[in-house]
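Structure in structure tokens, see below.
The values are calculated or read from the model by the stated rules, or taken from the named source; none is laboratory data. Here the structure is a predicted model, which means the values were calculated and not measured. Positions of Cβ are backbone-derived with ideal geometry, glycine not excepted, and every protein chain shown enters the neighbour counts. These area figures cover heavy atoms from the full protein model, side chains too; ligands, DNA and RNA do not enter into them. Shrake-Rupley method; radii C 1.70, N 1.55, O 1.52, S 1.80 Å.
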Amino acid sequence: MERIASLLPSTTEIVCALGLRASLVGRSHECDFPPEVGALPALTESKLDPRAESHAIDDRVKQLVCEGLSIYRVDADRLRALAPSVVLTQEQCDVCAASPKDVEAALADWIGGRPRVVSLAPSTLGDVWGDLVTVAAALGVRERGEALAERLSSRLTNVSERTLRIRPRPRVAAIEWTDPLMAAGNWMPELITLAGGTNLFGETGLHSPWLEWEALRAADPDVIVVLPCGFDLARTRREMAPLAAKPGWGELRAIRSGKLFLADGNQYFNRPGPRLVESLEILAEILHPADFPALHRGTGWEPYR
């Protein structure tokens with residue numbers, strides 16, 4: 001049986017969804033779902049202060065990246081002691097989790113046979129479902145991965161078929177960071193479209209872009225969904241002050257009509273794993289409340305007011 005070290009919350013979820021929880025021997029410090037993985041030893045830590053305000057976190061990330069440094073540390077001693085046969089990590093984003101470079105540094109003086117390193121870089125929903133199969137194949141259960149990807153894709157289709165003919169399709173601004181402003185990219189434009197909305201910022205398959213306040217103000221979206229990467233609902237609400245202080249904020253259509261929503265970007269939208277399906281369901285609930293019951297309200301999303 002494989003011994004798996006997962007250095008990414010999404011790969012930890014994938015491993016568990018494949019029925020291989022018992023094979024996990026270590027996790028990242030951010031892996032928190034399913035809850036029982038919290039009992040596993042953490043193999044990484046962040047160089048950032050998670051309590052800092054959004055702009056301070058952004059400044060520190062830019063400083064570290066500019067200096068060619070990672071924002072994560074991998075506990076090489078603990079990793080070696082656990083002797084995993086497979087290490088799961090990512091190369092999609094320097095801010096998301098430990099990169100292959102971090103892992104290679106931790107394995108540099110490995111004694112004996114090195115573990116296999118499986119590194120993922122999803123940018124679209126198709127990539128995410130493909131990664132399910134990639135991970136499953138690396139762990140010797142390819143058929144389980146294919147079946148899981150098929151089930152999740154079917155759930156996406158069920159939602160998209162319901163939204164296909166809904167009119168009007170609200171114009172949506174998805175905000176991935178509040179200070180400075182950043183729109184949501186990668187798979188988020190796809191999710192917004194499937195949920196029956198019209199995406200205003202960010203392009204499918206491309207990294208999340210910085211967003212000028214005047215561009216958001218000029219677009220005057222029908223709906224604004226704020227889903228900062230790494231933040232839960234309570235933290236997202238605390239980080240709204242800089243955005244709400246922007247000139248003309250109260251004049252925006254979404255604000256005047258009560259169409260500003262907060263969402264849990266940490267557990268859902270920014271985590272490229274099985275729960276992107278729930279992320280789509282959350283968006284559908286937000287955009288079309290008459291057609292979708294609010295099953296995730298209070299856990300995955302909430303109105304700002």
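Residues that are under 30 Å from A83 (Cβ atoms) and in contact with a Leu (Cβ under 8 Å, 6 or more places away or on another chain): find the strands (runs of 3 or more DSSP E) completely inside the range 109-228 holding 2 or more of those.
Ranges flagged: 116-120.
Which of the residues that make up the range 157-178 are under 21 Å from the mean Cα position of the chain (by Cα) and either basic (K, R) or surrounded by fewer than 19 Cβ atoms within 10 Å (Cβ to Cβ) (or both)?
T157, S160 - these are the residues of the range 157-178 that are under 21 Å from the mean Cα position of the chain (by Cα) and either basic (K, R) or surrounded by fewer than 19 Cβ atoms within 10 Å (Cβ to Cβ) (or both).
Now for a different question. Condition test on E278, is it among the acidic types (D, E) and either part of a helix (DSSP H, G or I) or open to solvent by less than 10 Å² (accessible area, probe 1.4 Å) (or both)? Please lay out each step first, then the result.
Numbers: among the acidic types (D, E): yes; either part of a helix (DSSP H, G or I) or open to solvent by less than 10 Å² (accessible area, probe 1.4 Å) (or both): yes.
Yes: the conditions hold for E278.
In the list G248, G300, which residue meets the criterion of being over 14 Å from the mean Cα position of the chain (by Cα) and not aliphatic (A, V, I, L, M)?
Of G248, G300, the one residue that is over 14 Å from the mean Cα position of the chain (by Cα) and not aliphatic (A, V, I, L, M) is G248.
Looking at L260, L194, L243, L216, can you tell me which residue is over 22 Å from R162 (Cβ atoms), touching a Ser or Thr at 6+ places or on another chain (Cβ under 6 Å) and surrounded by 17 or more Cβ atoms within 10 Å (Cβ to Cβ)?
Going through L260, L194, L243, L216 in turn, just one is over 22 Å from R162 (Cβ atoms), touching a Ser or Thr at 6+ places or on another chain (Cβ under 6 Å) and surrounded by 17 or more Cβ atoms within 10 Å (Cβ to Cβ): L243.
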